[in-house]
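The structure appears below as C-alpha cells.
The values are calculated or read from the model by the stated rules, or taken from the named source; none is laboratory data. All values derive from a computational prediction rather than experimental measurement. Here Cβ is always computed from backbone atoms with ideal geometry, including for glycine, and neighbour counts include all displayed protein chains.
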Amino acid sequence: MDRKTGGKSCLIGFVLLVASHWTGSFAWIARLLGYIGIANGTAALQQDGNVWMHRANVYSTIAVGVFAVLEIVSLTGLVQVGRQIDLLLSCVFALVCAACTLMGLFTRKKEEHQ
C-alpha cells in the first residue's frame, strides 16, 4: 500500500467510526472496520522516512492507543460513557488521525515539488 492509498484508508476508517454510531446492531462491525482502515493507513504511512510523516504517525498511533484503551474500558463496564461522549471521542480520535494523515501527505507532496 502506498502513501496515497494509506491516506484514503485512514479517511475511510474515519467515516466508518463516525457512521458506527448510527448503524444500530451492526455498530461493532463498522467500528472494527474503521480501526482496521486507520491501522492500515498508519502502517502505510510509516514506510516513508520523512520526519513529518514520522511525527504524524506518532500522533496517530498515540490517538489509536488512547481510544482503544477507552473503548476497552467502556466495553468491560468499568466506566459508563454516554452516547454523546462516545461520539465526541470517536470524532476527536478520527479527526486527529485524519489530520495526521493529511499533514503527512501534504508535507510529502510539497517536498516532491521542490
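Overview of results
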quantity: Of all residues in the range 15-34 being touching a Gly at 6+ places or on another chain (Cβ under 7 Å) and either among the β-branched types (Val, Ile, Thr) or under 18 Å from THR61 (Cβ atoms) (or both), the one that is modelled with the highest pLDDT; calculated: GLY34
quantity: Qualifying residue in the range 41-58 (condition: hydroxyl-bearing (Ser, Thr, Tyr), at pLDDT below 75 and surrounded by fewer than 17 Cβ atoms within 10 Å (Cβ to Cβ)); calculated: no
quantity: Selection status of LEU70, at pLDDT 70 or above, within 12 Å of the chain's Cα centre (by Cα) and not polar (S, T, N, Q); calculated: no
